[in-house]
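Inspection log for the structure reproduced underneath, given as structure tokens.
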Amino acid sequence: MLQTLYSYFWWERLWLPANLTWADLEDRDGRVYAKASDLYITLPLAFLFLIVRHLFETYVATPLAGLLNVKEKIRLKATPNAVLEKFYAATTKHPKQADVEMLSKRSGCSVRQVERWFRRRRNQDRPSLLKKFREACWRFTFYLIAFIAGMAVIVDKPWFYDLREVWKGYPIQSMLPSQYWYYMIELSFYWSLLFSIASDVKRKDFKEQIIHHVATIILISFSWFANYIRAGTLIMALHDSSDYLLESAKMFNYAGWRNTCNNIFIVFAAVFIITRLVILPFWIMHCTVVYPLDLYPAFFGYYFFNFMMVVLQSLHIFWAYLIIRMAQKFITGKV
């Protein structure tokens, strides 16, 4: 049964254009092609990233936070109360008025004391400023290095300047060592983000972040299987181009450098909109949707890859809406 499922999963018509088989992508004559087995290394690398991250946050981000005078706000702790704690943990952190009155009778506290207790208890669970700074510092460092490395990988390639070159000779396109390591490191990093998302600071777009990480992992993996490596490197570098700006703005925000934070955020918003709402849909997605059809008929892999691109683009539109709202508040002085 497993062998049957394996055969169906790796059926050439799902992954490759018509008249091509996996045999066409076997290494020969000094040419090396991407293989699914190459991605096994990304899981141990993801755990290595988690270890490196812990060391980085402890020995680099924490001292840097001290240098930037990142200060914690003093938070009053809620007094121990078994009745209120049980309701807080099992039912809701935001009780309605009827619940507050019921808890007041059960706990022997006044309504005002119950409301104050829940307010303080919620504040206890809020992530510390230092934790936020350390996370932003780690992501800033990775995204900046990844962007520089990504540009080094693609800037001297002909398909960086002429997107039709992305599909020249597809899928018989030999893989370069730089492309291999760029893919392995990027995919490992996103695995590590998915593994740590439960313990990281939980933000308002928590669900969207999970969808983004899963869609990114699927896109990177699929583009590797189907030898969409040239398109994949362009997409990854494009995404990294704005992320480090956002993380640096967060770091300055946590350090209390408001003007610096606001200025970087405005630059980030401009770069994000240009790369994610202009270049990605009108150049990169045009390249992945239109140009391949000049070479071969559409197949399942073609539809699947572009569907996942649409999922990512939908998330970009959602985030762009939030970013534009925030930028308007900065410009009008409402923040």
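The values are calculated or read from the model by the stated rules, or taken from the named source; none is laboratory data. Note that the coordinates shown come from a computational prediction; the quantities given were computed from them, not determined experimentally. Every residue, glycine among them, receives a Cβ derived from its backbone with ideal geometry; neighbour counts consider all protein chains shown. Please note that ligands, DNA and RNA were not included when accessible areas were found on the heavy atoms of the full protein model with its side chains. Shrake-Rupley method; radii C 1.70, N 1.55, O 1.52, S 1.80 Å.
At 7 Å along the Cα-to-beta-carbon direction for both Ser178 and Arg122, put a label point, then send me their distance in nm to one decimal.
Simple spin-label model gives 5.1 nm for this pair.
Could you give the distance between the Cα centres of region 233-275 and region 56-125, to the whole Å?
31
Could you give the size of the charge dipole of region 182-335 about its Cα centre, using +1 on the Cβ of each K and R and -1 on the Cβ of each D and E, expressed in debye and rounded to the nearest 20?
Dipole size: approximately 620 debye.
Got a number for carbon plus sulfur as a percent of the chain's accessible area, 1.4 Å probe?
Carbon-and-sulfur percentage of accessible area, whole number: 65.
What number comes out for the charge environment of Tyr291, summing +1 per Lys or Arg and -1 per Asp or Glu over other residues with Cβ under 14 Å away?
Summing Lys and Arg as +1 and Asp and Glu as -1 gives 0.
Report the full-extension gain for the segment Tyr161 to Leu50: residue separation times 0.36 nm, less the Cα-Cα distance, to one decimal in nm.
This chain segment gains 36.4 nm when fully extended.
What are the extents of the Cα atoms of region 105-153 along their three principal axes, listed from largest to smallest and rounded to whole Å?
66, 15, 12
Using a 1.4 angstrom probe on the protein heavy atoms only, could you order Ile185, Ile148 from most to least accessible area?
Ranking Ile185, Ile148 by accessible area, largest first, yields Ile148, Ile185.
Lys/Arg Cβ at +1, Asp/Glu Cβ at -1, dipole of the chain taken about the Cα centre: which of Trp159, Ser192, Gln124 is farthest positive-ward?
Gln124
What does the helix-only formula give at 222 nm for the chain: each DSSP H stretch with n ≥ 4 adding -39500 (n - 2.57), the total divided by the residues, and the result rounded to the nearest 500 deg cm²/dmol?
Dividing the helical sum by the residues of the chain leaves -21000 deg cm²/dmol.
Lys/Arg Cβ at +1, Asp/Glu Cβ at -1, dipole of the chain taken about the Cα centre: which of Tyr321, Tyr33, Phe49 is farthest positive-ward?
After comparing all options, I get Tyr321.
Local charge sum around Thr62 (other residues, Cβ-Cβ under 11 Å, Lys/Arg +1, Asp/Glu -1)?
+1
If you work out mean projected area of the Cα convex hull in nm² from the coordinates, which of [x] 26.5; [y] 27.5; [z] 22.7 do you get?
Only one option fits the structure, namely [z].
Can you tell me the dipole magnitude for region 82-125 around its Cα centre, using point charges on the Cβ only (Lys, Arg +1; Asp, Glu -1), in Debye to the nearest 20?
Dipole about the Cα centre, nearest 20: 100 debye.
Among the chymotrypsin sites (Phe, Trp or Tyr not before Pro) within region 168-257, which fall in a DSSP loop and have no more than 16 other Cβ atoms within 10 Å of their own Cβ?
Trp257
What FRET efficiency do you get for Thr260 and Val201 if R0 is 22 Å and r is their Cβ-Cβ distance, rounded to the nearest 0.05?
0.55
Setting aside same-chain residues fewer than 8 positions from Lys202, which aspartates and glutamates have a Cα under 12 Å from its Cα?
Output for Lys202: Asp125, Glu135.
Which residues make up the longest stretch of the chain clear of GluC sites (Glu not before Pro) that lie in a DSSP loop with no more than 11 other Cβ atoms within 10 Å, not counting the sites?
73-335
With a 1.4 Å probe and all protein chains kept in place, how do His316, His94 rank by accessible area, largest first?
Sorted descending by solvent-accessible area, the residues read His94, His316.
Divide the volume of the convex hull of the Cα atoms of region 82-125 by its number of residues and quote the answer in cubic angstrom per residue.
About 61 Å³ per residue, rounded to a whole number.
Pick out, from Leu238, Phe9, Met102, the residue whose Cα sits farthest towards the positive end of the charge dipole of the chain, with +1 on the Cβ of Lys and Arg and -1 on the Cβ of Asp and Glu.
Positive-end residue among those listed: Met102.
So if I place +1 on the C-beta of Lys and Arg and -1 on the C-beta of Asp and Glu, and nothing else carries charge, what would the dipole magnitude of the chain be about its Cα centre? I want it in debye, nearest 20.
2480
If I take R0 = 22 Å and measure r between the Cβ atoms of Gln313 and Ala270 in this structure, what FRET efficiency does the formula 1/(1 + (r/R0)^6) give, to the nearest 0.05?
About 0.75, to the nearest 0.05.
For the chain, with a Gaussian network of springs between Cα atoms less than 10 Å apart, report the residue from Ile220, Ile317, Ile229 with the top mean-square fluctuation.
Ile317
Give the accessible surface of region 82-125 per residue, rounded to a whole number of Å², with probe radius 1.4 Å and ligands, DNA and RNA excluded.
68
Taking 0.36 nm per residue of separation and subtracting the Cα-Cα distance, what length does fully extending Met102 through Asp29 add?
18.5 nm
Which lysines have a Cα lying under 23 Å from the Cα of Lys207, excluding residues fewer than 8 positions away in the same chain?
Once the sequence-local lysines are set aside, what remains near Lys207 is Lys93, Lys131, Lys132, Lys250.
Using the alpha-carbon atoms, what tilt in degrees (0 to 90, nearest 10) does helix 177-196 show relative to the longest principal axis of the chain?
Taking Cα atoms only, the helix is inclined about 30 degrees.
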